[in-house]
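S.K.: My structure is below; once you've seen it, I'll send some questions.
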Amino acid sequence: MSSLDHARTDSAPTRGFRLNKTNGKFMGVSAGIADHFDVDVTLVRLGWVVGTILGFGSLVLIYLAIGLIAD
């Protein structure tokens, strides 16, 4: 076996994006994004608000789509 095979087994398995309904306020999208990228959930929520205001509400549809499709 090569050293690459051993290196892969030592690392933790990668986990894809998942909603975090226990720590989330509405559908768990922001909390799931914060968990996935290891950032504070407040920053993610602030990003959604600013993006929604600057994008004339288009992020609301994206948020709902993520909440309905993910997990």
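S.K.: Would you tally the residues in the range 29-71 being crowded, with 16+ Cβ neighbours inside 10 Å, more than 10 Å from the chain's Cα centre (by Cα) and either closer than 15 Å to GLY16 by Cα or not hydrophobic (A, V, I, L, M, F, W, C) (or both)?
M.R.: Going through the range 29-71 one residue at a time, the tally reaches 4.
S.K.: Quick check on this structure: which one of THR14, THR52, THR9 is modelled with pLDDT of 85 or more and of a type in the set (S, T, N, Q)?
M.R.: Just one listed residue meets the conditions, THR52.
The values are calculated or read from the model by the stated rules, or taken from the named source; none is laboratory data. Just so it is clear, the model here is predicted, and its values are computed rather than measured. Quick reminder, even Gly has a Cβ in these numbers, built from the backbone with ideal geometry, and neighbours come from all protein chains shown.
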